Structure formats: C-alpha cells, structure tokens
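Below: the structure, in structure tokens.
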Amino acid sequence: MLSLLPEHLHPSFLLPFLSPFPLHVLALSLPQRISRPLLAPLLLLTTYASFRACTTLASPGHRWGLPSIPLGCLLRAVDALLCSGDCWSAFREDGQQGYPGDWTWAERLRWSARWWSTFRGVGWNWLASGTPPLPPATLTRGQFLLSHTLHLLVSYLTLDALDSLLLPRLVTPLPYTHVLALGAYILALLKLTYSALALSLVSLGLSDHTAWPAQFGEWGSVRNLRGVWRWWHGNWKRPFSHIPFALFRSLHLPPQHAWPLSFLLSGLLHALLSHSLSPGTGVGSLLFFLLQPLGLLLERLTGLDRLGREHKWVGRAWAVGWLAWSAKGGLEELVRGGLVECGTVPVRAVQWAVGRWRGGEGGEV
C-alpha cells in the first residue's frame, strides 16, 4: 500500500524531512541555556537529514523547492536562539499578556508553535519590513476565498501557458526573452503556492483570513532595483536581515552597513537549492545574489534611486534589465538541472486549447 503513495508523501521521505520541525518548536519553548547547547547540534543534524532526503526525490521541482523549508527554518532558529538575546523578550505577540518565562511549559509550547506558524511576523512585534498591509476588516471570508481562487487560477493558467508554449523550446545558453519568461514562471509558481496555502488553511478553519497580507508588495510603487527588492516577498526577510545586523553589532561594526550580507545569505540558500536539484551546481545562483549590492550601488551612483514618479518606467527598465542579466547564469543552471523539463501543472488547458485552435485534437503544441 505504501508503494502507491507519491514519493514526497512516503514515510521514508517524510520522517527525515519533518524531523527538524518538532525540535524547532521545542527549542523556542525551553530556556536558552538549555536549548542552545543541547538542541543546536540536533537541529543541525536533522536539518542536514531533511536536506539530504530532498536530494533523493525523483521530481526536479521537489528537489529544488522543498529544501528551502528546512534551510530557511534553520536560519530562523539561528536568528531566534543566537542573534536575538532573550528571545522570550525579543518576540512578543499582539495582545500578549505576561512574560513567557513565567508561563507553564505547555503555554510556551503553544506560543512557540504560533511563532513558527508565521514567516513574516504577522500578529507579532517583528513584522518583516515591506510586508503589505493586512486585509481590511471589511473584507469577508468569502471575498478573501474568492480573491485567492482567482489569483490561483491566473497563476495556474500562466504556468500552463509557459509549460505548453515556452518550456519545451528551452535550450542553453538562454536568450534574454527566455530569461524574462522564466522569471515570470518562478513568480507565478510562488503566487500559486501562496494562494493554495491560504485557501487550504482558511477553508479548513486553521487560520483567519485577516492574517494573510498579499505575498508581494504593490508593483505600482516600484521605480528602481531597490524598489523591486522591497516589493519581493519577505518570507525569509527576518533572518536574512537580522543575522547580519546582529553579527555586525557583536563585532562593534556599524550595523547599518550589514545589508550586503543579507544577499550573501540568500545566495548561499539558493545555491544549496541548485545543488539539491543538480549536484555540483549553485555558482550561478550565488553569483546572482552577490551581484545585487553592486547593482544597488550603481543605481545610487547614477541617480536611478532618485527618479520621480514620472520617470518610473526608466527605473523599471533598468531594474528588469539588471535582474535579467545577473540571473542568466543561475537560471541556466536550473534549466540544465531539469527543473522545468517536466512542466508544473497536471492538466494542460492552454495546450489543449491551442491544439484545438490549430485544428488538431489538443495535445502537444
């Protein structure tokens, strides 16, 4: 019976993959004098086991996407346990009464589980910078579900169109039109995943719809490269930004100059994702993130960071061009690793429609 399960739902994968997460919740519920020396080595070992389990999967999409969860959570644990001082004082839930150190262990365990259930600090005092506003109080649960259903449908059709019309024709080296299309592919995949998660948890009553701000910022406010990075999702923004900040502060260096290390951390994480997809790769992904501080510096030196609203299209063109040029090597690694060769969506509605339009019976375009 177990042999009929998809590989990512089989116990032989799930047990090592999920092994770090109970320890994460446990670590934040215990005094740091206990969790740091005793649980830190176990967190490292179980995260490695979780990552290794991902590399054994047959699906390229699972090999590339799933390792981001244990790796990102490890960074969150480093931030909470090593870089935030007394984490029970540093993190405070909206409406929280009292100090977790005075609570029972069961109460702290529930508090820790709630802390881990949010990526961007929604409902906490550490809301990630750039997080879009929460849904208005006037938005009903039904309106929220309808909105995310439409978002999911648009993302699905975008992936379907790219699966059907572009991905079978991808070859390396990539032309820049294909680089831009792959950027749209990754953006649509992230949006589809977010809407599917929101719909599932809110529909099942496991989460309130008011706790789900938009995944990305408002594109209309983007005027340059700096604006793009503020607009981008902030799922891992807290550890990416606070770990370098804490490191500089501990070394008595100006913490406001630590921001380039945020791109280094992100580059290392994405390089490991590429390595999980195809061993021996990851340089292109790392280089993309290492180049971003240079792009931001060029933007400042040329005045592109001071463009007014009437010239925002100039800044956007610069940002998209820079991102396409710097991402080319990393995206080519993903293509050679087979990330997109099998497609993403199970039902190809666009492929069928184009086949019918061309006079066939649907199928291959």
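Report yes if GLY280 is in contact (Cβ under 8 Å) with a residue 60 or more places away in the chain and outside any helix (DSSP H, G or I), otherwise no.
Judged against the criteria, GLY280 is not a match.
Regarding SER147, is this residue open to solvent by 40 Å² or more (accessible area, probe 1.4 Å), out of contact with any strand residue (DSSP E or B) (no Cβ under 8 Å at 6 or more places or on another chain) and assigned to a helix (DSSP H, G or I)?
yes
Output the residues belonging to region 282-314 that are surrounded by 16 or more Cβ atoms within 10 Å (Cβ to Cβ) and modelled with pLDDT under 95.
Of everything in region 282-314, those that are surrounded by 16 or more Cβ atoms within 10 Å (Cβ to Cβ) and modelled with pLDDT under 95 turn out to be LEU304, ASP305, LEU307, LYS312.
Over 27 Å from PHE144 (Cβ atoms), more than 15 Å from the chain's Cα centre (by Cα) and open to solvent by less than 30 Å² (accessible area, probe 1.4 Å), is that true of SER155?
No.
Which residue out of LEU127, LEU174 is surrounded by 15 or more Cβ atoms within 10 Å (Cβ to Cβ), more than 20 Å from the chain's Cα centre (by Cα), among the aliphatic types (A, V, I, L, M) and assigned to a loop (DSSP other than H, G, I, E, B)? Give the steps one after another, and end with the answer.
Details: LEU127 fails: more than 20 Å from the chain's Cα centre (by Cα).
Exactly one residue qualifies, and that residue is LEU174.
What do you reckon, is ARG230 open to solvent by 30 Å² or more (accessible area, probe 1.4 Å), in a helix (DSSP H, G or I), within 30 Å of LEU139 (Cβ to Cβ) and among the charged types (D, E, K, R)?
Yes, satisfied.
Looking at GLY217, is it small (Gly, Ala, Ser), in a loop (DSSP other than H, G, I, E, B) and at pLDDT 90 or above? Before you say what the answer is, go through the steps one by one.
Working: small (Gly, Ala, Ser): yes; in a loop (DSSP other than H, G, I, E, B): yes; at pLDDT 90 or above: yes.
It is true that GLY217 is small (Gly, Ala, Ser), in a loop (DSSP other than H, G, I, E, B) and at pLDDT 90 or above.
Kindly indicate whether ARG108 is buried (at least 17 other Cβ atoms within 10 Å of the Cβ), among the charged types (D, E, K, R), over 21 Å from the mean Cα position of the chain (by Cα) and at pLDDT 95 or above.
Taking the combined requirement at face value, the residue satisfies it.
How many of the residues making up region 247-271 are closer than 19 Å to VAL335 by Cβ and either of a type in the set (D, E, K, R) or open to solvent by 70 Å² or more (accessible area, probe 1.4 Å) (or both)?
0
Please work out which residue is farthest from GLY217 (Cα to Cα), limiting yourself to region 93-116 and to residues that are free of Cβ contacts under 8 Å to residues at least 24 places away in the same chain and assigned to a loop (DSSP other than H, G, I, E, B).
Here the residue is THR104.
Could you tell me whether any residue of region 249-264 is in contact (Cβ under 8 Å) with a residue 40 or more places away in the chain and in contact with a helix residue (DSSP H, G or I) (Cβ under 6 Å, 6 or more places away or on another chain)?
Checked region 249-264: no residue is in contact (Cβ under 8 Å) with a residue 40 or more places away in the chain and in contact with a helix residue (DSSP H, G or I) (Cβ under 6 Å, 6 or more places away or on another chain).
Hey, any hits in region 238-246 for a residue that's surrounded by fewer than 21 Cβ atoms within 10 Å (Cβ to Cβ), touching an Asp or Glu at 6+ places or on another chain (Cβ under 9 Å) and among the charged types (D, E, K, R)?
No, there is no match, as no residue in region 238-246 is surrounded by fewer than 21 Cβ atoms within 10 Å (Cβ to Cβ), touching an Asp or Glu at 6+ places or on another chain (Cβ under 9 Å) and among the charged types (D, E, K, R).
Let's see how each residue does on (1) over 24 Å from ALA181 (Cα atoms); (2) under 22 Å from the mean Cα position of the chain (by Cα):
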residue: LEU296; (1), (2): no, yes
residue: LEU304; (1), (2): yes, no
residue: ARG316; (1), (2): no, no
residue: LEU331; (1), (2): no, yes
residue: LEU339; (1), (2): no, yes
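Output the helices (runs of 4 or more DSSP H) that fall wholly within region 21-90 and possess 1 or more residues being charged (D, E, K, R) and crowded, with 16+ Cβ neighbours inside 10 Å, or say none.
Per the criteria, 60-65, 68-82.
Would you call TRP325 assigned to a helix (DSSP H, G or I) and either loosely packed, with under 15 Cβ neighbours inside 10 Å or modelled with pLDDT under 95 (or both)?
The answer is yes for TRP325.
For a quick check of your reading of the model, give me the residue pairs whose first member lies in region 179-199 and is without any contact (Cβ under 8 Å) to a residue 40 or more places away in the chain, whose second is open to solvent by 30 Å² or more (accessible area, probe 1.4 Å) and not aliphatic (A, V, I, L, M), with beta-carbon atoms closer than 6 Å and at least 6 apart or on different chains.
Taking only residues 6 or more apart or on different chains, the pairs are ALA188/THR158.
Could you list, in sequence order, the residues of region 111-122 that are open to solvent by 30 Å² or more (accessible area, probe 1.4 Å) and more than 26 Å from GLY227 (Cβ to Cβ)?
Matches in region 111-122: ALA113, ARG114, TRP116, SER117.
Hey, does region 205-220 have a residue that's in contact with a Phe, Trp or Tyr (Cβ under 8 Å, 6 or more places away or on another chain), more than 17 Å from THR131 (Cβ to Cβ) and surrounded by 19 or more Cβ atoms within 10 Å (Cβ to Cβ)?
Within region 205-220, not a single residue is in contact with a Phe, Trp or Tyr (Cβ under 8 Å, 6 or more places away or on another chain), more than 17 Å from THR131 (Cβ to Cβ) and surrounded by 19 or more Cβ atoms within 10 Å (Cβ to Cβ).
Tell me which of these ALA137 doesn't satisfy, since it passes every other one: (1) farther than 20 Å from GLN32 by Cα; (2) surrounded by 12 or more Cβ atoms within 10 Å (Cβ to Cβ); (3) aliphatic (A, V, I, L, M).
It fails just one condition, (2).
The values are calculated or read from the model by the stated rules, or taken from the named source; none is laboratory data. The structure displayed is predicted, hence computed values, not measured ones. For neighbour counting, all protein chains shown are included, and Cβ atoms are generated from backbone atoms with ideal geometry for every residue, glycine included. In case anyone asks, the SASA skips ligands and DNA or RNA and just uses the protein heavy atoms, side chains included. Shrake-Rupley method; radii C 1.70, N 1.55, O 1.52, S 1.80 Å.
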